[in-house]
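*Asks:* Sending over a structure as structure tokens; questions will come in a sec.
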Amino acid sequence: MSLRNVAIIAHVDHGKTTLVDRLLQQSGAFRENQRVQERAMDSNDLERERGITILSKVTSLVWHGTRINIVDTPGHADFGGEVERILNMVDGAIVLVDAAEGPMPQTKFVVGKALKVGLRPIVAINKVDRSDARPTAVVNEVFDLFAALDASEAQLDFPILYGSAKQGWMAASADGPKETMAPLFDLVANHVARPAVEDGPLRMLGTILEANPYLGRIVTGRITSGAVRPNQAVKVLDRDGNVIEEGRVTKVLAFRGLERTGVDEAEAGDIVAVAGLPEATVSHTICAPDVTEPLPAQPMDPPTLAMTFRINDSPLAGTEGDKVQSRVIRERLLREAEGNVALRISESSEKDAMEVAGRGELQLGILIETMRREGFELSVSRPKVLFQRDAFGQLLEPIEEVVIDVDEEHSGIVVQKLSERKAELIEMRPSGGGRVRLVFYAPTRGLIGYQGELLTDTRGTAVMNRLFHAYGPHKGEIQGRRNGVLISNEAGMAVAYALWNLEDRGPMMIDPGWKVYRGMIVGEHTRDNDLEVNVLKGKKLTNIRTHSKDEAVRLTPPIQMTLEKALAYINDDEFVEVTPKSIRLRKKLLDPHERKRDERRKEAERV
Ligand SMILES: Nc1nc2c(ncn2[C@@H]2O[C@H](COP(=O)(O)OP(=O)(O)OP(=O)(O)O)[C@@H](O)[C@H]2O)c(=O)[nH]1
Ligand SMILES: [Mg+2]
């Protein structure tokens with residue numbers, strides 16, 4: 001059977017996973033009675049909940065006698081390194097572009113990568129059903145983008161389809177026919193090259209890694225030469241040709257719709273998953289025992305952001321989760337690193353702590369969220385940007401390209417706030433409908449926690465997109481959080497009356513009835529210093545009950561601290577305490593005297 005390998009790439013939310021749904025349905029990959037959820041490829045819990053793709057996944061279908069392997073990729077910038085590797089595994093790419101939004105930073109990133117590896121992408125303008133769709137203008141923007149990225153003549157001559165993944169059609173014109181995905185299937189079969197294969201014994205490059213509870217490690221990749229069978233003896237080489245392990249493939253899995261099935265043999269050109277190799281990972285070559293040259297593989301992106309994961313040692317530790325010991329946390333993190341190549345886990349210099357480095361706040365936030373659901377308790381430090389040094393010893397920091405779409409009236413405050421955060425405005429242009437598009441180069445350091453502020457400043461109307469740009473010279477000091485916090489000075493249960501009394505000190509972060517402890521953060525101070533407060537003090541009871549009116553105090557709703565918000569909010573001397581049930585903020589040092597002493601010591605160091 002003839003074969004095609006194609007990846008779907010786009011900016012976040014432009015409709016990749018929805019498109020795969022329709023392709024699977026219309027190719028008859030689902031059984032008649034099979035019940036399938038929307039965005040079926042987003043199969044893990046967090047993906048479903050957040051409506052985003054986190055891991056690349058392969059599926060496969062048959063169209064008029066051609067088997068098409070399709071790789072759905074994540075659009076979010078934190079997972080960009082993944083997309084780059086995927087593009088080395090396929091022979092074609094479908095670039096989806098939202099007909100209203102047009103090309104966005106991640107579109108530029110993925111198209112740039114696709115062009116660089118020599119693919120001739122197909123462009124699909126999606127969501128033409130949107131009332132604000134502007135397909136013709138968007139095609140021009142895509143063309144300009146390809147040109148700006150130095151596309152070759154052949155690449156610039158890209159085929160274009162228009163359609164709606166949601167409604168299940170693609171056509172040569174935005175007006176239809178609005179019937180089926182057939183035009184896209186035909187285009188993939190005709191435009192995407194046959195898989196390039198080489199002669200020789202088995203060689204296959206590991207591209208996606210997954211830890212499976214039954215089969216152990218599963219490595220997915222494309223077979224460059226030879227064939228692979230269950231029980232075959234193989235060797236694993238790293239990028240430099242060192243032998244990592246020798247062993248046997250226990251299972252060869254081919255993709256069939258949403259399922260994977262064991263096969264007796266897979267040949268060069270095909271994308272399959274193999275089990276049975278406990279050490280093999282992404283960018284390793286799985287090959288016949290007599291092969292000595294590894295396949296060329298791209299090195300892993302270096303992590304840009306790190307956090308310290310510690311045991312939870314607050315007075316409430318162990319009351320809500322059952323996985324609290326540092327050994328259990330350590331084992332869990334090491335296991336995560338096995339299946340997640342973008343994470344780097346190392347021992348921290350602190351006691352009972354591990355250093356977890358990754359590509360962004362979202363990626364690390366997702367890991368914490370997953371662990372908390374499994375019953376873990378943790379205390380997590382503020383994310384730290386990872387610096388590098390150039391050849392001359394100059395300090396470098398990660399710089400991101402930030403695109404913000406905002407109503408014109410709010411653009412002033414955005415520019416002001418971002419320049420305070422040491423960002424550089426590089427472009428400003430109207431983007432239609434009274435909105436402007438602002439493009440900045442901003443240090444990652446300055447962007448931590450900015451999302452929330454941006455939404456407040458623009459009344460929730462701004463849309464921000466970020467993408468790693470490069471390591472650049474350190475931009476100097478950036479002012480952190482301005483407000484101090486309100487800290488509980490006692491342990492017990494918070495009382496409405498006490499919270500009400502504190503309202504003019506600043507907004508609260510807790511509700512009445514919350515358990516608090518000494519050193520826990522209960523609110524934000526309106527001033528720049530920290531303040532210890534008592535949230536336990538009830539109203540003096542007298543034996544004459546007054547009318548119930550003045551007892552039922554009316555509280556301003558507290559600030560809701562989600563995990564992501566909390567991580568962005570805390571300072572270096574604070575922790576986020578994470579348990580399956582709660583997110584609490586606390587001072588690292590719970591004892592006020594110890595905090596004073598620490599303060600004095602730091603003061604002394606400064607002079
Ligand atoms: N109006 C309209 N909405 C669409 C269309 N295709 C997808 N959507 C919606 O766009 C949203 C995002 O769709 P997804 O398929 O998850 O997008 P994605 O590109 O896979 O997103 P990531 O994997 O997170 O990058 C969903 O709410 C879809 O229902 C379309 O053709 N028209
Ligand atoms: Mg998706």
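The values are calculated or read from the model by the stated rules, or taken from the named source; none is laboratory data. Just so it is clear, the structure is predicted and the values come from calculations on it, not from any experiment. Positions of Cβ are generated from backbone atoms using ideal geometry, with glycine treated the same way; all protein chains shown enter the neighbour counts. Note: areas computed on protein heavy atoms with side chains; ligands, DNA, RNA excluded. Shrake-Rupley method; radii C 1.70, N 1.55, O 1.52, S 1.80 Å.
*Asks:* Name the long-range amide H neighbours of residue 207: under 5 Å, sequence gap of 5 or more, or other chain; modelled H, no Pro or chain starts.
*Replies:* For residue 207, the qualifying residues are 220, 221, 283.
*Asks:* Shifting gears a bit: Round to the nearest 0.05 the FRET efficiency obtained for residue 531 and residue 189 when R0 = 41 Å and r is the Cβ-Cβ distance.
*Replies:* 0.05
*Asks:* Report the full-extension gain for the segment residue 385 to residue 461: residue separation times 0.36 nm, less the Cα-Cα distance, to one decimal in nm. Please list the in-between numbers first.
*Replies:* On the way: separation 76, 0.36 × 76 = 27.36 nm, distance 2.80 nm.
Here the segment from residue 385 to residue 461 would lengthen by 24.6 nm.
*Asks:* Give me the extension gain from residue 515 to residue 244: residue separation times 0.36 nm, minus the current Cα-Cα distance, reported in nm with one decimal.
*Replies:* Full-extension gain reported as 92.5 nm.
*Asks:* Tally Lys and Arg at +1 and Asp and Glu at -1 over the other residues with C-beta under 14 Å from the C-beta of residue 237: what net charge comes out?
*Replies:* Counting the neighbours of residue 237, the net charge comes to -4.
*Asks:* Sticking with this one: Take the alpha-carbon centre of the stretch 136-162, take the same for the stretch 395-438, and report the distance between them in whole Å.
*Replies:* 26 Å
*Asks:* What value, in deg cm²/dmol to 500, does the helix sum -39500 (n - 2.57) over DSSP H runs of n ≥ 4 give at 222 nm once divided by the residues of the chain?
*Replies:* Calculated at 222 nm, the ellipticity per residue is -6500 deg cm²/dmol.
*Asks:* For the stretch 346-352, what does the Karplus curve 6.51 cos²θ - 1.76 cosθ + 1.60, with θ = phi - 60°, yield as ³J(HN,Hα) per residue in whole Hz, taken in order and with x for Gly and Pro?
*Replies:* After applying 6.51 cos²θ - 1.76 cosθ + 1.60, I find 9, 5, 8, 6, 6, 6, 6 Hz.
*Asks:* Assuming R0 = 45 Å, what is the FRET efficiency of residue 559 and residue 36, from their Cβ-Cβ distance, to the nearest 0.05?
*Replies:* Taking R0 as 45 Å, the efficiency between residue 559 and residue 36 is 0.65.
*Asks:* Next question, about the same structure. Would you list the P(r) distribution for the chain, with all Cα-Cα distances sorted into 10 Å bins from 0 and each bin expressed as a whole %?
*Replies:* Answer for the chain: a P(r) of 3, 14, 23, 24, 18, 11, 5, 1, 0, 0 percent.
*Asks:* Would you work out if the stretch 186-302 is rounded, prolate or oblate? Take a ≥ b ≥ c from the square roots of the eigenvalues of the alpha-carbon gyration tensor; rounded if a/c is under 1.5, else prolate when a/b is larger than b/c, oblate otherwise. Please list the in-between numbers first.
*Replies:* Numbers: a/c = 1.42, a/b = 1.18, b/c = 1.21.
Rounded, because the longest to shortest axis ratio a/c is under 1.5.
*Asks:* Could I ask something else about it? For the stretch 140-153, just list the computed ³J(HN,Hα) in residue order, Karplus coefficients 6.51, -1.76 and 1.60, θ = phi - 60°, integers in Hz, with x standing in for Gly and Pro.
*Replies:* 4, 5, 5, 4, 4, 4, 4, 5, 5, 8, 6, 5, 6, 3
*Asks:* If I model a spin label at residue 598 and residue 348 as a point 7 Å from the Cα along the Cα→Cβ vector, what separation in nanometres do I get?
*Replies:* Going from the residue 598 label point to the residue 348 one covers 1.2 nm.
*Asks:* Using a 1.4 angstrom probe on heavy atoms only, work out the carbon and sulfur share of the accessible area of the stretch 306-399 in %. Write out the running numbers ahead of the final one.
*Replies:* Details: 2080 of 4220 Å².
In the stretch 306-399, the share of accessible area belonging to carbon and sulfur is 49 percent.
*Asks:* Sticking with this one: For the residue pair residue 137 and residue 233, what label-to-label distance in nm results when each label sits 7 Å from Cα along the Cα-to-beta-carbon direction?
*Replies:* In this crude spin-label approximation the distance works out to 6.5 nm.
*Asks:* If you don't mind, there's one more thing I want to ask. Where in the stretch 200-220 is the amide nitrogen less than 20 Å from a point lying 7 Å along the Cα-to-Cβ axis of residue 293?
*Replies:* 200-206
*Asks:* Which cross-chain or sequence-distant (5 or more) residues have an amide H under 5 Å from the amide H of residue 522, H modelled 1.01 Å from N in plane?
*Replies:* Here the answer is 486, 487, 488, since their amide H atoms fall under 5 Å of that of residue 522.
*Asks:* Can you tell me how much longer the chain between residue 144 and residue 581 gets when fully stretched, taken as 0.36 nm per residue apart minus their C-alpha distance, in nm with one decimal?
*Replies:* Working: separation 437, 0.36 × 437 = 157.32 nm, distance 4.94 nm.
Between residue 144 and residue 581, full extension yields an extra 152.4 nm.
*Asks:* Any idea how far apart residue 370 and residue 117 come out in nm if each label point goes 7 Å out from Cα toward Cβ?
*Replies:* A separation of 2.2 nm, rounded to one decimal place.
*Asks:* Specify the angular offset, from 0 to 90 degrees and rounded to the nearest 10, of the alpha carbon long axis of helix 326-339 from the longest principal axis of the alpha carbons in the chain.
*Replies:* So the helix axis and the longest Cα principal axis differ by about 30 degrees.
*Asks:* Rounded to whole Å, give me the distance from the Cα center of the stretch 1-37 to that of the stretch 337-356.
*Replies:* Going from one Cα centre to the other spans 35 Å.
*Asks:* Calculated FRET efficiency, residue 130 and residue 470, Cβ-Cβ r, R0 41 Å, to nearest 0.05? Spell out each step's value before the answer.
*Replies:* On the way: r = 34 Å, r/R0 = 0.82.
After rounding to 0.05, the efficiency reads 0.75.
*Asks:* Here is a further query. Which pairs in the list 565/587; 384/515; 16/565; 113/475; 565/588; 323/581 are over 21 Å apart, alpha-carbon to alpha-carbon?
*Replies:* 384/515; 16/565; 113/475
*Asks:* With every protein chain left in place, what is the accessible area per residue of the chain in square angstrom, probe 1.4 Å? If you can, show how the numbers build up before the last one.
*Replies:* Working: 28360 Å² over 607 residues.
That works out to 47 Å² for each residue.
*Asks:* Another question, then. Just how far, in whole angstrom, is the stretch 176-241 from the stretch 290-319 if you go by their alpha carbon centroids?
*Replies:* 26 Å
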